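Comments concern the structure below.
Computed from the coordinates by the stated procedures, all read-outs in this text should not be read as laboratory data. Just so we're clear, the structure is a prediction, and the values are computed from it rather than from any experiment. All Cβ positions, even for glycine, are placed from backbone atoms using ideal geometry, and neighbour counts span all protein chains on display.
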Amino acid sequence: MNKIVYDGEGAVFGRIASVIAKDLLKGNEVDLINCEKMIVSGDKKLLAKKILAKREMGSGGSRKGPKYPRTAEKLVKRMIRGMLPRDRAKGRDALRRLKCFEGGEDEKAVKIKHQMPRKFASVEEIVRLLK
């Protein structure tokens, strides 16, 4: 249908991700730029610890799983995947229409600004703690 470009710079992750998930389910193609500059509310060490704990569940040569990526754009795409019904065809098709990019500029990009939470971390900082 339509192609929508969102700018993730300064946006609270959960709020913009729910908007993106709804657009994907409507049949739109969505590009997310500056995904490493998105804000995740909460303590950054606690967030990284949760992701590392989930990653450790699949360690030991396990191919089955859970696999958590180490780059910002893949981590954001995986977190948005959790908001889509992947067990149905419409959810799988919606995920194929999502593209995430680190950096980038677009003057037509939709910017969503929210009130800054007290404790927050950018996706870039979380990825740095995961390595």
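Miscellaneous remarks
- A Gaussian network model of the chain, with springs between Cα atoms under 10 Å, assigns the largest mean-square fluctuation among Arg63, Arg86, Arg55 to Arg63.
- Here Ser41, Ser122 are placed in order of increasing Cβ neighbour count within 10 Å, fewest first, which gives Ser41, Ser122.
- Applying a threshold of 32 Å to the alpha-carbon distances of Lys26/Lys49; Lys26/Lys67; Lys64/Lys99 flags Lys26/Lys49 as lying beyond it.
- Violating pairs (Cα-Cα greater than 21 angstrom) within the set Lys22/Lys111; Lys22/Lys54; Lys3/Lys77; Lys37/Lys74; Lys22/Lys131: Lys22/Lys54; Lys22/Lys131
- The chain: most fluctuating residue of Leu25, Leu46, Leu98 per GNM, C-alpha cutoff 10 Å: Leu46
- Footprinting exposure proxy ranking of Ile112, Ile39, fewest other C-beta atoms within 10 angstrom first, gives Ile112, Ile39.
- If only the Cβ of Lys and Arg carry +1 and only the Cβ of Asp and Glu carry -1, the dipole of the stretch 3-130 around its Cα centre is close to 780 debye.
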